[in-house]
Amino acid sequence: MSLPDRYNPQEVEQKTYQWWEEQGYFKAEDVSTKPPFCIILPPPNVTGSLHLGHALDQSIQDCLTRWKRMHGYNALWLPGTDHAGIATQSVVEKQLAKEKLSRKEMGREAFVKRVWQWKEQYGGRIVEQMKRLGSSCDWDRHTFTLDSEVSKAVRKVFVNLYNEGLIYKGTRLINWSPKLESALSDLEVDHEVVNGHLWHIRYPFSSGEGDVVVATTRPETMLGDSAVAVNPNDERYTHLIGKKIKLPLTNREIELIADDYVDKEFGSGAVKITPAHDFNDYNVGQRHNLELINILNKNGTLNEAAGTYQGLKVQEARKQVVADLEKQGFLVKVEAHKHSVGHCSRSHCIVEPFLSDQWFVKTSELATPARHVVENGTTEFIPESWTKTYLHWLGIIQDWCISRQLWWGHRIPAWTCSDCGQLIVSEQDPKSCIKCESKNIIQEEDVLDTWFSSALWPFSTLGWPQETEALKTFYPTDVLVTGHDIIFFWVARMMMAGLKFKKDVPFRTIYIHGLIRDAKGQKMSKSLNNSVDPLEIIDKQGADALRFTLLSQLASGKDLKFSEQRLEGCRNFMNKIWNAARFSLTALENFDPVKNQKIQAKDLSDADKWIIYKMSKCIEDVDAALNNYRFSDAANAVYTFAWHEFCDWYLEFIKPVIYGEDNAEKAATQKVLAETLNRLMRLLHPFIPFISEEIYQKLPIKGEACIVDSYPTLKNDKEWLSLGVENIAFEVDLVREVITAVRNIRGENRIKPGEKITVRLVVKDDDGQKILSANKVAIMTLSRLESCEIGEAGSLSKCAVTPIKLRNIEVEVIVPLEGLVDFDEEINRLNKTIEKTQKEISTLSNRLENKNFVENAPAEVVEQGRQQLTDLNTKLQSMIQSLTRLK
């Protein structure tokens, strides 16, 4: 069976994916004799579209799932999408605004119905985009965070935690979006550096004697001040602690207090304390039992506590407060000041710390076991460095605000009796009050934080609270793949929920990958105009090229640089594999796998034994790397074998046999070629599934499908791989190094490829002489030589010389250049290159001798510089030697 001249991903990918789905290859079984393997997909927002971060995340998960499936596991990659409360509600509200409608005009029931309509119409986009990438999820199990079964799990968890006293309603400081009029999680707050001001304000003592100066970026919040604080060890203020201060613009008095929170070296050493509008101040207020004075309404305007400023928006109030402070002589000075300000990720309004009645989870009791299972190794982080981050966050964990003032989401299952005030928390909607039996009961308006339902994801998706067969088989799951930005928001909360409700960890391994940056190492963003659309890449270059670009750069926990050049290189890799397969299939046209089932070592050529041995090393390296989540090592090992050993060398080695007259030798080589190509496609499949499946289906030796064939291992391929011989592989490697050296000399000296040249090989070692003498014909053929002498060096004048060392054998490859190059031109070229290299060495040496650079630059950058300097010096010495020989 033949392949088209060119690989066209668009023609292959869609039909292949459809065929996989139709055959049911992605499906896992609830009950199976196979060992289970399970990954739960971190559910993307239903509003989202596939971005490069998703592509990386899902390429990793699909690689692992396909690899385990081929290893004979009952592999489940369970997909789902998140209802994304704020994000989805914001999208639909924007739609309504275009229709000159608002959700409040529609009412809750009609609005929620409208959001469901939007979800049904657009919510499947990201699923279809994931399929374009090749994601082999069990789509029949796709779960949405508002599905009825998930809702049952959410209610059960809420009610159980409430009944145990671990959920309560209270007044605390939270992130507040005035535009959405809702609480926000920290992850929904984008911190942006803005050009602001620092206002220095004089606070006079009530006694009329002296004052204290404080600085603030938010002068309007002074209307809610409860104290001024200084460090207890600040000698400037120790005699003033406890004194009363007249708060400017108000009729209130506040006290000067002492707290270790204050940095006495910063500014005047005195800070205003506004417990209801600053998180640090809130903590100070709790320690000193200060009054909590909220000056804001839910819509971000100032309330009655702000006195004459009531009704003003924050920015308007700020201008008026500053004007009044200046007018009354309290404003000392104003400085330009850059500082970070939180903005709502959805509405982009400024986020206000806001004192509000909300529902909270007491986390300290839940955090302790979640900390212990990581400390004792039950669950491990890869890379291990993220363990400290996880443990640190759990060590300082605060109670979790779980209520949101939205309509889209899991509505809190709590009702209040309008007649007797009784609070009813129930898994089922109650018909009447449990205390007075009144039917006049009203459900909480708020919905739960999206992360609440996400925390239950590893077991709610498997059928909990029912003890399903899927839950028995696949919980705990094996590995979670995610980014470091949600270790606290999601990973820690899944750990707490899993241990609380399943009495076991939700996953054994947590693999944390880095961020994708552009070619210059900058973070990708729309504002920098350096973001990349993965769907455009798939359209142009194919999914496999994108997947391999990402996986081949995925070093443990480090950020990776994405570049068009790297992508183009991976696309070229696809073309290389395709062309190698086309040649191989032509070479195998008359090959009969039935007649050639058995093969003996005596039938094989040295090249055959070499490629089998190299295949065994590749299999060993790939399997070890994937077992340790070293994706780039695995990808690069199979890349090196495929490109530099199979394509570049083996196919060249065997051409004389394939086109020769010795049928027995040809049959043996065809068998090796067919077996090697089969194993190569299976090795490549987890990384580049589409092209590997397409080629696999055309092979003379194949099973039902590459996706469900076995993954090559030293154990299951023991008999075949035993035909590879290490000593012969070494001999072929030595021959290969000699041929490479000759080819490089041709290139460096611009000698035409077809020009017949003479080579002298100088080998002092007897073994080396025997190896090269035995392979002299191969060396001459593949190097296009007129003659090849193995013996003395002779005169090196006007010669190119390349030394080779492989294990204990040293060879000098000498090519006389007389009559092949213009020596004057070559000497001139070398002098210019030497001068340029010397300048590069000087610049790099100066940089590495600079203490500031060495101490402040990233360690890997310094190490790269040192290695580059070593390489440049080696290159320089080689060029100087070449120049000496040409003169």
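Counting only residues that are free of Cβ contacts under 8 Å to residues at least 40 places away in the same chain, open to solvent by 40 Å² or more (accessible area, probe 1.4 Å) and in contact with a Ser or Thr (Cβ under 6 Å, 6 or more places away or on another chain), give me the helices (runs of 4 or more DSSP H) lying completely in region 636-722 with at least 3 of them.
Details: elements: 651-658, 663-684, 689-696, 718-721.
Hits in region 636-722: none.
Taking region 544-574 as the range and being under 14 Å from ASP57 (Cα atoms), of a type in the set (A, V, I, L, M, F, W, C) and part of a helix (DSSP H, G or I) as the test, the residues that pass are LEU546, PHE548, LEU550, LEU551. Considering GLN877, GLN881, the condition of being loosely packed, with under 15 Cβ neighbours inside 10 Å and touching a residue at least 40 places away in the same chain (Cβ under 8 Å) is satisfied by GLN881 alone.
Of everything in region 150-174 that is more than 16 Å from VAL447 (Cα to Cα) and modelled with pLDDT under 95, the residue that is least open to solvent (accessible area, probe 1.4 Å) is LEU173.
Can you tell me how many residues in region 286-303 are assigned to a helix (DSSP H, G or I), within 40 Å of the chain's Cα centre (by Cα) and touching a residue at least 24 places away in the same chain (Cβ under 8 Å)?
Going through region 286-303, the residues assigned to a helix (DSSP H, G or I) turn out to be 286-288.
Filter once more, so that each one left must be within 40 Å of the chain's Cα centre (by Cα): 286.
Going one step further and asking which of them are touching a residue at least 24 places away in the same chain (Cβ under 8 Å), we end up with none.
Of the residues in region 286-303, 0 are assigned to a helix (DSSP H, G or I), within 40 Å of the chain's Cα centre (by Cα) and touching a residue at least 24 places away in the same chain (Cβ under 8 Å).
Within the bounds of region 304-324, is there any residue that is in contact (Cβ under 8 Å) with a residue 24 or more places away in the chain and not in a helix (DSSP H, G or I)? Taking every residue of region 304-324 in turn, none turns out to be in contact (Cβ under 8 Å) with a residue 24 or more places away in the chain and not in a helix (DSSP H, G or I).
Output the residue which, of all residues in region 75-100 that are polar (S, T, N, Q) and open to solvent by less than 10 Å² (accessible area, probe 1.4 Å), is farthest from the chain's Cα centre (by Cα). Talk me through it step by step, then tell me what you get.
Narrowing region 75-100 to residues polar (S, T, N, Q): 81, 88-90, 95.
Subset that is open to solvent by less than 10 Å² (accessible area, probe 1.4 Å): 81, 88-89.
Numbers: THR81: 18, THR88: 24, GLN89: 27 Å.
It comes out as GLN89.
When residues in region 426-447 are screened for being surrounded by 20 or more Cβ atoms within 10 Å (Cβ to Cβ) and either of a type in the set (Gly, Ala, Ser) or touching a residue at least 60 places away in the same chain (Cβ under 8 Å) (or both), 2 of them pass. Checking region 490-501 against the condition returns a match, with at least one residue being among the aromatic types (Phe, Trp, Tyr), at pLDDT below 95 and either part of a loop (DSSP other than H, G, I, E, B) or under 18 Å from the mean Cα position of the chain (by Cα) (or both). Has region 751-762 got any residue that is among the β-branched types (Val, Ile, Thr), farther than 30 Å from ASP623 by Cβ, assigned to a strand (DSSP E or B) and open to solvent by 40 Å² or more (accessible area, probe 1.4 Å)? Yes - at least one qualifying residue is present in region 751-762.
Within region 1-28, restricting attention to residues that are hydrophobic (A, V, I, L, M, F, W, C) and not in a helix (DSSP H, G or I), the residue that is farthest from the chain's Cα centre (by Cα) is MET1.
Within region 538-568, the set of residues being over 17 Å from ASP518 (Cα atoms) and charged (D, E, K, R) comprises ASP539, LYS540, ASP544. Counting only helices (runs of 4 or more DSSP H) that fall entirely inside region 774-861 and contain at least 3 residues that are touching a helix residue (DSSP H, G or I) at 6+ places or on another chain (Cβ under 7 Å), the qualifying elements are 776-783, 823-849.
Mind counting the residues in region 38-74 that are among the small types (Gly, Ala, Ser) and either over 19 Å from the mean Cα position of the chain (by Cα) or part of a strand (DSSP E or B) (or both)? Steps first, answer last, please.
Narrowing region 38-74 to residues among the small types (Gly, Ala, Ser): 48-49, 53, 55, 59, 72.
Checking which are either over 19 Å from the mean Cα position of the chain (by Cα) or part of a strand (DSSP E or B) (or both) leaves us with 72.
The qualifying residues number 1.
Scanning region 820-830 turns up at least one residue that is without any contact (Cβ under 8 Å) to a residue 40 or more places away in the chain, surrounded by 14 or more Cβ atoms within 10 Å (Cβ to Cβ) and within 17 Å of GLU748 (Cβ to Cβ). The test for being more than 30 Å from PRO656 (Cβ to Cβ) and in contact (Cβ under 8 Å) with a residue 12 or more places away in the chain does not hold for LEU604.
Could you list, in sequence order, all residues of region 782-795 that are within 18 Å of ASN744 (Cβ to Cβ) and either without any contact (Cβ under 8 Å) to a residue 40 or more places away in the chain or open to solvent by 90 Å² or more (accessible area, probe 1.4 Å) (or both)?
Quick first cut of region 782-795, residues within 18 Å of ASN744 (Cβ to Cβ) only: 782-785, 788.
Those that are within 18 Å of ASN744 (Cβ to Cβ) and either without any contact (Cβ under 8 Å) to a residue 40 or more places away in the chain or open to solvent by 90 Å² or more (accessible area, probe 1.4 Å) (or both): ARG784, CYS788.
Residue count for region 370-412, restricted to those that are open to solvent by 50 Å² or more (accessible area, probe 1.4 Å), touching a helix residue (DSSP H, G or I) at 6+ places or on another chain (Cβ under 6 Å) and at pLDDT 95 or above: 1.
The values are calculated or read from the model by the stated rules, or taken from the named source; none is laboratory data. Treat the numbers as computed from the prediction; the structure is a model and nothing was measured. Glycine also receives a Cβ, built like all others from the backbone with ideal geometry; neighbour counts cover every protein chain displayed. Accessible surface areas use protein heavy atoms only, side chains included; no ligands, DNA or RNA. Shrake-Rupley method; radii C 1.70, N 1.55, O 1.52, S 1.80 Å.
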